[in-house]
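The values are calculated or read from the model by the stated rules, or taken from the named source; none is laboratory data. The structure presented is a predicted model; accordingly, all values stated were derived computationally and were not measured. FYI the Cβ positions are ideal-geometry reconstructions off the backbone, even for glycines, and counts take in every protein chain you see.
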Amino acid sequence: ILEWGSNTFYLPHGLTIDWEGNYWLTDVAMHMVMKFSVSSIKSNIPTLKKAEGSSARETEIDLNNLFRDSIVKPVLALGDPFQPGNDDQRFCKPTAVAVMRNGDFFVSDGYCNSRIVKFNSRGERISQFGKFFSPGLHQQPSPYVLSVPHALALAEELGLLYVADRENGRILAFHALNGTYHREYRHPAIGDKIYSVAYAQGRIYAINGPVFFSKLSCEGLQYRYSLWRDHLPVWT
């Protein structure tokens, strides 16, 4: 077991391990996205093992030297620490990261901004899509309207990015190349909220969350990609 994070993280939310083994984390309190290289993690394994159980924040935050005391320092850190925003440099409570094999990556941003931002491997912004809109009663949101994009999944062989649009209770599929809309997935068993999405071997996996004042339970659902409107059995 390895552990680090003392005087580094404040409220980590999303964790992604890319195909090279690098760790990507979002911190919703810091409004930041961070990448930690697999080589740095491996080279510090003895120290990380000794650090087990000692990751509580012990000192005041030094905004001018955020990662001074971190055993593993990020090779890429995006966002303005503890400063939310919706411009090209800042996030507002980013939730998740999805990384392509060419190094490009997507950030779901997030609890405030309702957008997906695409970057190249150097952390340079390429594009963004998504917006917030509060629909009226019984009004379905448009494909580009997001309400808390909470999780991301890539199907690179299909060229698609899946977004768990949490408060709208649906999965949205976009073309990873340019962010254009592909299709939507809904199911009555999911209910009003969907918290996470994953893709593997032609199947999309989704998990809902607690739905208050409803008989719906927390469940998962599988979609078989080749059968567009068919789903496999629900599991609890």
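Yes or no, residue by residue, for (1) surrounded by 13 or more Cβ atoms within 10 Å (Cβ to Cβ); (2) within 22 Å of TYR195 (Cα to Cα); (3) under 13 Å from the mean Cα position of the chain (by Cα):
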| position | (1), (2), (3) |
| --- | --- |
| PRO81 | yes, no, no |
| ASP87 | no, no, no |
| ASP104 | yes, no, no |
| CYS112 | yes, yes, no |
| SER121 | yes, no, no |
| PHE129 | yes, yes, no |
| PRO141 | yes, yes, no |
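Selection of segment 2-47 for residues being on the phi > 0 side of the Ramachandran plot and without any contact (Cβ under 8 Å) to a residue 40 or more places away in the chain yields only GLY21.
Let's see how each residue does on (1) touching a His at 6+ places or on another chain (Cβ under 9 Å); (2) among the small types (Gly, Ala, Ser); (3) on the phi > 0 side of the Ramachandran plot:
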| residue | (1), (2), (3) |
| --- | --- |
| ALA96 | yes, yes, no |
| HIS150 | no, no, no |
| ALA155 | no, yes, no |
| LEU160 | yes, no, no |
| GLY179 | no, yes, yes |
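Note on segment 135-231: enclosed strands (runs of 3 or more DSSP E) holding 3 or more residues that are more than 20 Å from ASP109 (Cα to Cα) and at pLDDT below 65 are 220-224. Quick one: is ASN168 without any contact (Cβ under 8 Å) to a residue 60 or more places away in the chain, of a type in the set (S, T, N, Q) and buried (at least 21 other Cβ atoms within 10 Å of the Cβ)? Judged against the criteria, ASN168 is a match.
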